[in-house]
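First comes the structure, then the notes that go with it.
The values are calculated or read from the model by the stated rules, or taken from the named source; none is laboratory data. Predicted model, so just to flag it, every value in this text is computed and none were measured. Cβ atoms come from the backbone with ideal geometry, glycine included; neighbour counts cover every protein chain shown.
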């Protein structure tokens with residue numbers, strides 16, 4: 001695929017330029033640490049020089065396990081300057097899962113937060129490929145201390161040349177569909193799409209710039225969080241970091257630092273707006289709110305628009321597409337009664353979307369199929385997974401595994417994950433459609449719908465529901481509520497009230513866990 005040429009940029013080169021343009025400006029504030037752009041550049045040079053002294057060669061994998069501080073970005077950019085590849089690990093994973101990723105990445109050096117020393121100690125004897133462990137926030141008796149190790153390195157940049165196609169990041173998928181896969185992203189994944197939008201289409205999108213103060217509360221180990229932080233630093237903005245998301249603290253930070261733009265998943269927004277003082281907090285500095293991962297349900301959206309009083313942007317994409325590819329713009333949020341509010345949005349300039357059959361044949365507008373994305377930010381491929389790469393990245397198209405369609409106005413609608421589809425008496429049912437309708441019921445806080453075997457119909461829909469405090473709900477009430485909003489055959493035949501829905505370490509609902517009791521004796525997972 002040929003894209004319009006834009007100015008070529010790399011992570012390694014940008015800090016040098018920013019340290020000259022924004023020398024004494026604050027780049028990052030994390031807890032009680034504040035770094036200027038000059039200090040940040042010097043620290044990243046020290047990391048790079050330290051890695052090179054350790055004998056790191058180009059494309060070596062460096063693992064990072066820690067909560068969100070300035071050190072995350074020092075190591076990311078330091079790796080880029082050493083032409084190494086950073087592998088952030090989800091710190092909510094079990095020791096065995098962490099071990100699996102470190103082994104799969106063939107990592108040579110590990111940076112680890114003292115909060116996870118105990119976990120690494122459990123698996124250290126199995127980490128035979130590691131040549132060094134560097135701990136931070138507290139010295140470890142057997143490992144190098146980050147601050148001491150960094151402080152003895154030169155602050156001048158290493159004498160290396162960088163390319164936009166250099167892989168700088170390897171992020172692992174959550175593993176809900178199998179063994180985690182390392183998604184390789186190059187420098188282009190952070191620059192090319194937005195640069196193309198600005199230079200060729202005069203589209204500033206969210207216009208993140210040097211006057212902005214951005215809140216960082218989506219974890220660094222997710223592409224959405226890391227991408228948000230990188231965009232802040234690319235733009236010369238100031239990045240305010242939460243170590244982990246705390247709802248009341250997010251409100252406090254907005255007031256204290258006069259946050260102008262922020263990014264969250266809807267669950268975070270719901271927690272924040274459930275805080276007792278959310279209605280009276282001074283949020284007047286906010287100009288833009290970015291959300292993704294799932295839609296915001298209408299009641300929460302109405303409240304959020306009223307309280308935040310800023311522009312809303314919904315993005316859709318995945319790690320394999322370098323984060324965002326589709327966006328629902330502020331103008332689409334003005335009247336949330338319109339159908340487009342249910343869409344993921346429209347493809348961003350430079351991105352092409354198509355919908356295909358299982359045989360990769362294009363389907364007509366309005367027809368549900370698998371969403372495929374062609375973007376300047378698409379991944380290089382999966383780390384040492386040639387077959388998986390071939391199955392996902394086809395002639396420049398990422399097969400998302402999401403079922404959806406494109407309407408006549410160009411809006412992309414996501415119906416569900418293809419694997420979640422229910423077939424009831426020959427009719428295809430997409431749980432996300434049911435969940436979207438029923439989630440508007442005042443009694444329902446959360447809902448997950450799965451398909452369960454049925455001797456008569458093949459499969460039927462079952463709903464697992466978490467109720468709002470003080471509410472009760474009967475099956476007949478739910479059926480009456482759904483009738484007329486969705487076809488009768490889509491209405492769940494059974495409901496189960498639960499205290500909480502099972503989630504993986506990334507916060508995603510694990511429908512596999514919900515399905516298991518109903519399918520465990522079946523030879524296949526369709527009926």
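When 442, 472 are screened for being modelled with pLDDT of 90 or more, surrounded by fewer than 19 Cβ atoms within 10 Å (Cβ to Cβ) and closer than 22 Å to residue 296 by Cα, only 442 passes.
For segment 495-510, which positions are without any contact (Cβ under 8 Å) to a residue 40 or more places away in the chain and crowded, with 17+ Cβ neighbours inside 10 Å? Within segment 495-510, 495 is the sole residue that qualifies. Residue 99 meets the conditions (1) assigned to a helix (DSSP H, G or I); (2) out of contact with any strand residue (DSSP E or B) (no Cβ under 7 Å at 6 or more places or on another chain); (3) in contact (Cβ under 8 Å) with a residue 60 or more places away in the chain; (4) within 30 Å of residue 128 (Cα to Cα) in every case but one. The failed one is (3). Of all residues in segment 142-156, those satisfying the criterion of being assigned to a loop (DSSP other than H, G, I, E, B) and either within 17 Å of residue 109 (Cα to Cα) or under 31 Å from the mean Cα position of the chain (by Cα) (or both) are 142, 143, 153.
Residue-by-condition table, conditions (1) in contact with a strand residue (DSSP E or B) (Cβ under 6 Å, 6 or more places away or on another chain); (2) exposed (fewer than 14 other Cβ atoms within 10 Å of the Cβ); (3) not in a loop (DSSP other than H, G, I, E, B):
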{"residue": "327", "(1), (2), (3)": "yes, no, yes"}
{"residue": "331", "(1), (2), (3)": "no, yes, yes"}
{"residue": "350", "(1), (2), (3)": "no, no, no"}
{"residue": "364", "(1), (2), (3)": "no, yes, no"}
{"residue": "390", "(1), (2), (3)": "no, yes, yes"}
{"residue": "402", "(1), (2), (3)": "yes, no, yes"}
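Of 29, 71, all but one fail to be modelled with pLDDT of 95 or more, within 27 Å of residue 209 (Cα to Cα), out of contact with any helix residue (DSSP H, G or I) (no Cβ under 6 Å at 6 or more places or on another chain) and assigned to a strand (DSSP E or B); the exception is 29.
Among the residues in segment 148-159, are any modelled with pLDDT under 95 and more than 15 Å from residue 74 (Cβ to Cβ)? Yes, some residue in segment 148-159 is modelled with pLDDT under 95 and more than 15 Å from residue 74 (Cβ to Cβ). No other residue among 145, 163 is under 24 Å from residue 244 (Cβ atoms), modelled with pLDDT of 95 or more and surrounded by fewer than 20 Cβ atoms within 10 Å (Cβ to Cβ) apart from 145. Going through segment 207-221 one residue at a time, which ones are out of contact with any helix residue (DSSP H, G or I) (no Cβ under 7 Å at 6 or more places or on another chain) and buried (at least 21 other Cβ atoms within 10 Å of the Cβ)? If the condition is that a residue be out of contact with any helix residue (DSSP H, G or I) (no Cβ under 7 Å at 6 or more places or on another chain) and buried (at least 21 other Cβ atoms within 10 Å of the Cβ), then 221 is the only one that fits. The residues listed here are 490, 462, 419; of these, the one that is farther than 19 Å from residue 368 by Cα, touching a residue at least 24 places away in the same chain (Cβ under 8 Å) and either surrounded by 17 or more Cβ atoms within 10 Å (Cβ to Cβ) or in contact with a strand residue (DSSP E or B) (Cβ under 8 Å, 6 or more places away or on another chain) (or both) is 462.
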